[in-house]
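The next block holds one structure in the form of structure tokens; read it before the comments.
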Amino acid sequence: MDSRCTSGEFGVIASLRRRLGGGRRGVHGIGDDAVLLHRSDGRVVCTDTMVEGVHFRLDWSSPADVGWKLIAANVSDLWACGAEPRAWTLSMSVPSHCEPLAGLASRLADGVEEALQAFGVEAHLVGGDTTTSPSSLVLSVCMVGAVPEGRFLTRGGACAGDGIWLSGEPGWAAAGLHLLLSGGGAFEGVAARRALDAHRRPHPVRVPGSALVAGRVHAAIDLSDGLSSDLWHVALASEAALHVDRALLEAEALHEVPGATEELVERWLLGGGDDHVMAVVSADAPGPDWRRVGEVTRVGEADLILRDRGGNRRRLEPGGHRHF
């Protein structure tokens with residue numbers, strides 16, 4: 001097994017999958033943004049957890065921002081599999097330093113409602129759990145969706161000659177985090193505001209239904225851990241070589257973020273997480289606003305190659321966020 005999958009977070013996941021994943025018939029299991037529970041009825045489930053001090057800080061983001069971000073992460077996971085959200089549960093572990101529980105829950109709900117409305121999603125809270133926490137606020141959502149039979153998207157399935165398409169521009173959420181770490185709350189300007197908004201309130205994008213119906217999209221992934229890490233997931237799942245063209249990754253506006261350097265922009269662009277930009281592998285553009293950034297050159301062996309502005313090629317190692 002590739003070393004990128006045998007250490008840290010992904011090594012733990014692989015170990016648990018071997019021991020506990022089972023082999024239930026009809027289940028498309030661990031390894032994608034969500035799981036297809038049964039092909040015949042299209043039930044799809046995903047889950048995401050956010051921890052204070054790891055995914056957010058309450059001196060940087062309001063509870064409403066946190067509620068928005070939590071919903072965005074789960075909605076984006078379902079959309080990456082071609083599913084539409086239908087219902088969700090919420091578990092909250094709340095420490096004593098937070099505001100009173102009723103007020104916190106109300107402000108979180110404000111952000112959730114704003115996100116669902118902005119995304120055009122009708123999915124209702126159907127349960128959950130609430131406990132105390134000794135230190136950090138911990139929030140976890142389990143979201144259930146539905147996908148028509150035969151249209152569940154995975155990270156596998158890339159074909160030679162396919163293009164790699166993005167729904168937006170990666171790197172902005174990482175730029176926002178950089179500003180916050182350096183005291184960016186006081187920064188002014190369009191680029192700074194865009195970066196801070198991307199960190200606090202990401203906007204995931206659906207894979208267009210017309211592309212799903214036509215079967216043009218062969219693989220998809222939500223860019224939550226960084227472009228390089230997430231495209232490696234596609235390469236490994238598809239056993240395919242992906243080539244990314246740096247010149248096609250529009251990053252000029254990122255240079256306008258206060259304090260940006262060429263090195264930082266490269267890091268944000270290739271390794272920054274939490275953008276929830278959608279990446280798909282498709283024979284042609286999934287929709288009018290999607291941008292082609294590379295191609296699948298061959299199948300049979302996983303690889304990820306970056307072609308720089310000078311035409312030089314190098315292996316792009318996974319550089320996104322790692323929890324362990």
Q: Could you please tell me which pairs satisfy a Cβ distance under 6 Å, a separation of 6+ or placement on different chains, a first residue in region 10-33 that is at negative phi, and a second residue that is modelled with pLDDT under 65 and outside any helix (DSSP H, G or I)?
A: G21/G29
Q) Take the residues of region 50-89 that are among the aromatic types (F, W, Y) and in a strand (DSSP E or B): which is modelled with the highest pLDDT? A) W88
**Q.** Pairs where the first residue, in region 57-83, is touching a residue at least 60 places away in the same chain (Cβ under 8 Å) and farther than 10 Å from R201 by Cβ and the second is surrounded by fewer than 24 Cβ atoms within 10 Å (Cβ to Cβ) and hydroxyl-bearing (S, T, Y), C-beta under 9 Å, 6+ apart
**A.** L70/T49; L70/S140; N74/T47; D77/T47; C81/T154
Q. Quick check: anything in region 124-134 out of contact with any Gly (no Cβ under 7 Å at 6 or more places or on another chain) and without any contact (Cβ under 8 Å) to a residue 24 or more places away in the chain?
A. no
Q: Determine the pairs where a residue that is within 16 Å of R206 (Cβ to Cβ), located within region 270-281, has a partner that is in a helix (DSSP H, G or I) and of a type outside the set (A, V, I, L, M) with Cβ atoms under 8 Å apart, the partner being 6 or more residues away or on another chain.
A: D275/W172; H276/S76; M278/S76; M278/W79; A279/D230
(Q) I'd like the full set of residues that are more than 27 Å from V44 (Cβ to Cβ) and either surrounded by 15 or more Cβ atoms within 10 Å (Cβ to Cβ) or touching a residue at least 24 places away in the same chain (Cβ under 8 Å) (or both), limited to region 84-98. (A) V94, P95, S96, C98
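The values are calculated or read from the model by the stated rules, or taken from the named source; none is laboratory data. Not measured: the values here are computed from a predicted model. Here Cβ is always computed from backbone atoms with ideal geometry, including for glycine, and neighbour counts include all displayed protein chains.
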